[in-house]
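Working notes for the structure below.
The values are calculated or read from the model by the stated rules, or taken from the named source; none is laboratory data. All values derive from a computational prediction rather than experimental measurement. Glycine gets a Cβ as well: all are built from the backbone with ideal geometry, and neighbour counts include every protein chain shown.
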Amino acid sequence: MSLKLDGKQLSLEIEEKLKKDIESYINTSKRPPGLAVIRIGEDPASGVYVKNKEKACSRVGIKSFIFHLKETVKQKEVEQLIHKLNLDNDIDGMLLQLPIPKNFDEQKLISQINPDKDVDGLNELNIGKLVKNEPAMRSCTPAGIINLLRSQNIKIEGKKIVVIGRSLLVGKPLSLMLLNLNGTVTMTHSKTINLNKICKEADILIAAAGKPNLIDSSFVKKGAVIIDVGIHRLTSSDKSKTRLCGDVLLEDVIPKVFAYTPVPGGVGPMTVTMLLVNTIFSWQKQFGLSSTLKDLLP
Ligand code: NAP
């Protein structure tokens, strides 16, 4: 039987540890860790993600500060808010909830976040340190995937790993983290020729294309590990029901693989947990406390 890489369960276990870490350090710090989330506009999925982050923070004892800005806000005003939060001593982590409306310069905003507070790991300084394999804030989804693999002692070193997708959010940082851990990594994208053949050589196949059910069993080597990053809400033909699926046609793939991540309950919960880890890591650093979280930071 294939092994389910249960992100929900692992998140709960890590959250327990995080809660204890905060409790044991709060006497020294005299304040809880603080996370600021900036949301612009009314994208409904972003609303759900921000709510989930807020709830996760309150479960472990992080204070969250939500800034929900109107779509009509000016780029300059968002930049001013970022600068204010950069200087705010109660804020250890800050993120811009993506996507934001097209009229904003997203990269310019992200590059103004203090790298030490950049809990999404998207600032160019943190990406540069990842390229150099130096310690820095790491982006949450890739870091969550590494922890899922490690939790079941799935070896990365020496393995052939194929990543489908080259986005700044997932594919690129993930490929770099795996490379830093001595995997032999192939990064693929929408212009890759013969994707099926390349994927079939993978010991670990990671699908982050954002295309529902793109990967069926014909892409997968027997005994491989498959990680499904995609998340899609599909509506039934009569529009009466919706269900979540990933980039992988799981029922077709599961019988062939050694291990897989479910959707939902695989990569998704780990992304939120890594945001908590990064925020607490930054808080510990701010107070010169020795970090208990280094093992979770790839
Ligand atoms: P993205 O920015 O749209 O990037 C998608 C990448 O996949 C691009 O590099 C694209 O290639 C490539 N691609 C698209 N179609 C392909 C195909 N048919 N064959 C091979 N490559 C293909 O998406 P993203 O932000 O990386 O997110 C990917 C998926 O993960 C989405 O479903 C998103 O919702 C999900 N996600 C989940 C979590 C989580 O916590 N579970 C977190 C983040 C994202 P090009 O570069 O050539 O266009």
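For the stretch 34-53, which positions are of a type in the set (D, E, K, R) and modelled with pLDDT of 95 or more?
39, 42, 51, 53
Out of 198, 231, 193, which single residue is among the β-branched types (Val, Ile, Thr) and either under 14 Å from residue 145 (Cα atoms) or free of Cβ contacts under 8 Å to residues at least 24 places away in the same chain (or both)?
When all the criteria are applied, what remains is 193.
If the requirement is being buried (at least 22 other Cβ atoms within 10 Å of the Cβ) and not small (Gly, Ala, Ser), which of these qualifies: 168, 148, 125, 179?
Within the list 168, 148, 125, 179, the selection yields 148.
Which members of the stretch 92-108 meet the condition of being farther than 12 Å from residue 69 by Cα and surrounded by fewer than 23 Cβ atoms within 10 Å (Cβ to Cβ)?
98, 99, 102, 103, 104, 105, 106, 107, 108
Starting from the stretch 42-54, take each residue that is in contact (Cβ under 8 Å) with a residue 60 or more places away in the chain and list its partners that are of a type outside the set (Ser, Thr, Tyr) and not in a loop (DSSP other than H, G, I, E, B), counting only C-beta distances under 8 angstrom and pairs at least six apart or across chains.
52/272; 53/35; 53/37; 53/272; 53/275
Mind checking whether some residue in the stretch 57-77 is among the polar types (S, T, N, Q), modelled with pLDDT of 95 or more and touching a strand residue (DSSP E or B) at 6+ places or on another chain (Cβ under 8 Å)?
The answer is yes, given that some residue of the stretch 57-77 is among the polar types (S, T, N, Q), modelled with pLDDT of 95 or more and touching a strand residue (DSSP E or B) at 6+ places or on another chain (Cβ under 8 Å).
Residue check, residue 263 against (1) aliphatic (A, V, I, L, M); (2) more than 30 Å from residue 50 (Cα to Cα); (3) in contact with an Asp or Glu (Cβ under 7 Å, 6 or more places away or on another chain), all met but one. Which one?
Going through the list (1) aliphatic (A, V, I, L, M); (2) more than 30 Å from residue 50 (Cα to Cα); (3) in contact with an Asp or Glu (Cβ under 7 Å, 6 or more places away or on another chain), residue 263 breaks only (2).
Quick check on the stretch 131-145: of everything there that is within 16 Å of the ligand (Cβ to nearest atom) and in contact with a Leu (Cβ under 8 Å, 6 or more places away or on another chain), which residue is farthest from residue 266 (Cα to Cα)?
138
Pick out, from the stretch 146-244, the strands (runs of 3 or more DSSP E) lying fully within it that include 3 or more residues that are within 13 Å of the ligand (Cβ to nearest atom) and at pLDDT 95 or above.
Here the list reads 160-164, 184-188, 204-207.
Is it the case that some residue within the stretch 70-82 is β-branched (Val, Ile, Thr), assigned to a loop (DSSP other than H, G, I, E, B), touching a residue at least 40 places away in the same chain (Cβ under 8 Å) and in contact with a Leu (Cβ under 9 Å, 6 or more places away or on another chain)?
No, every residue in the stretch 70-82 fails to be β-branched (Val, Ile, Thr), assigned to a loop (DSSP other than H, G, I, E, B), touching a residue at least 40 places away in the same chain (Cβ under 8 Å) and in contact with a Leu (Cβ under 9 Å, 6 or more places away or on another chain).
Of the numbered conditions (1) without any contact (Cβ under 8 Å) to a residue 40 or more places away in the chain; (2) surrounded by 15 or more Cβ atoms within 10 Å (Cβ to Cβ); (3) outside any helix (DSSP H, G or I), residue 253 satisfies every one except a single condition; which is it?
The number of the failed condition is (3).
In the stretch 3-54, how many are assigned to a helix (DSSP H, G or I) and in contact with a strand residue (DSSP E or B) (Cβ under 7 Å, 6 or more places away or on another chain)?
Qualifying residue count for the region: 4.
Testing residue 182 on (1) more than 18 Å from residue 4 (Cα to Cα); (2) in contact with a Phe, Trp or Tyr (Cβ under 8 Å, 6 or more places away or on another chain), one condition comes back false. Which one is that?
(2)
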